[in-house]
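Input: a single structure, listed below in C-alpha cells.
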Amino acid sequence: MYENPEFNEKGEKILCQENGKNSHMLMDVRVQRLARGESVRLLEPGKETAVMLLAGKVEFAFEGKREQASRRSVFQDKPYCLHCCRGKEIIVKALEDSRLLIQQTTNPGTFESVFYTPEMCTLQEFGKEQWDGTAHRQVLTVFDYENAPYSNMVMGEVFHKPGCWSSYPPHYHPQPELYYYEFDKPQGFGIGFDGEECYKVGDQGCLAITPMNAHQQAAAPGYHMYYAWLIRHLEGDPWRKTRIDVPEHSWLMKL
C-alpha cells in the first residue's frame, strides 16, 4: 500500500506503527522534520532505535557522547546513522533545518550503540552489465544481519537512475519491508509494485510491502529516485539477503 502522509504538528510524517497504521510492517517508522535550533528526544524502554540523517546538519547526543553529522541531500552524500538498543536516550538537535528517518521495533536484547559514518556504510553496484543497463543502480547498506545480528531491523538506501528499474528481477521474501522515497525534483515520480498492485510513487511517500509480495520499482525518465529500504526480521527467520525470484522471470539472472 502506498501513501504520502502529511507532517503533523510535531513535525512528524508517520509511515508505519507496530500497533497502528501499516502494523503488518512490525515497526515504527517516521520522518522527523526539525527547524534550526529544534531538537527531538527519543527514549524507548522496549524498542531499539535507528536515526538516519536524510538532509541538514545535526548533533547526536547519547551516552555522554556528542557527534555531529551533515548531509546536503540523499543524492549528494552518504548517510550518518545512530543505532541504539532499548532504554538508551537519544537527543538530536538541528544545527540547521534538517530531516531524520527514525526506525524502531521491539527488541528485548541489548547491544552497544553504533554511530555509523559514511565510511562505515557498504555501497554496491548492481545491473550495470545486465539487461542493457536498464536496472543499473547503487545499493547502500547501513546495517543488516551480517554486521548487526543483534538487531531486529535492516536499514539501507537505493540510488536509482532515471528511466531504470531496481529491486529487479521481481522478487519477494517473508519479512516485511517499507520503502521511503525521495526524488531530485519535487514533481519526480516512479512506479512501485506490491504484488499485482502498482502505485505511482512520489517525493517523500512510502510503500508498505506485503510479505511474500513481489516488489520491483521503476523511475520515470528525467528523475533520479531514492528510497530507504527498511526490513523487519522475523523471529527465527532473519532476512539474510535471501530473495525468492518470481519463477517466470528467474531466467533473467542467467543473462
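The values are calculated or read from the model by the stated rules, or taken from the named source; none is laboratory data. This is a predicted model, so every value here is computed, not measured. Cβ sites come from the backbone with ideal geometry, for glycine too, and all protein chains shown count toward neighbours. Areas reflect the complete protein model, heavy atoms only, side chains present, ligands, DNA and RNA absent. Shrake-Rupley method; radii C 1.70, N 1.55, O 1.52, S 1.80 Å.
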### Query
Using the Karplus equation 6.51 cos²θ - 1.76 cosθ + 1.60 (θ = phi - 60°), what ³J(HN,Hα) coupling, rounded to whole Hz, does each residue of the stretch 209-221 give in order, writing x for Gly and Pro?
8, 5, x, 6, 9, 5, 8, 7, 9, 9, 10, 5, x
### Message
So, taking all protein chains as they sit and a 1.4 Å probe, how much accessible area belongs to residue 14, in Å² rounded to tens?
### Response
40 Å²
### Task
Enter the accessible area per residue of the chain (Å², integer; probe 1.4 Å; all protein chains in place).
46 Å²
### Percent carbon-and-sulfur accessible area, the chain, ignoring ligands, DNA and RNA, probe 1.4 Å
48 percent
### Query
Between 185, 93, 47, which gets the highest mean-square fluctuation from a Gaussian network model of the chain, Cα cutoff 10 Å?
185
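Keeping to pairs on different chains or 8 or more places apart, tell me how many lysine pairs in the stretch 23-178 have Cα atoms under 14 Å apart.
Details: 47/88; 57/78; 57/93; 65/88; 65/93; 128/161.
Close lysine pairs found across the stretch 23-178: 6.
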### Query
Among 63, 157, 18, whose mean-square fluctuation peaks in a Gaussian network model of the chain (Cα, cutoff 10 Å)?
63
### Query
At q = 0.16, 0.19 Å⁻¹, what is the log10 ratio I(q)/I(0) for the stretch 86-200, with the Debye formula run over Cα points and no solvent?
-1.03, -1.33
### Task
With the cut-off at 23 Å, report for the chain the share of all Cα pairs above it, as a whole percent.
49 percent
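Counting other Cβ atoms within 10 Å, which chymotrypsin sites (Phe, Trp or Tyr not before Pro) in the stretch 44-85 have at most 16 and lie in a DSSP loop? List each step's numbers first, then the result.
Values: sites: 60, 62, 75, 80; in loops: 75, 80.
Answer by residue number: 75.
Only sites in a loop by DSSP and with at most 13 other Cβ atoms within 10 Å count here; which GluC sites (Glu not before Pro) in the stretch 114-154 make the cut? If you can, show how the numbers build up before the last one.
Values: sites: 119, 125, 129, 146; in loops: 129, 146.
Taking the stretch 114-154 and a limit of 13 other Cβ atoms within 10 Å, the loop GluC sites (Glu not before Pro) found are 129, 146.
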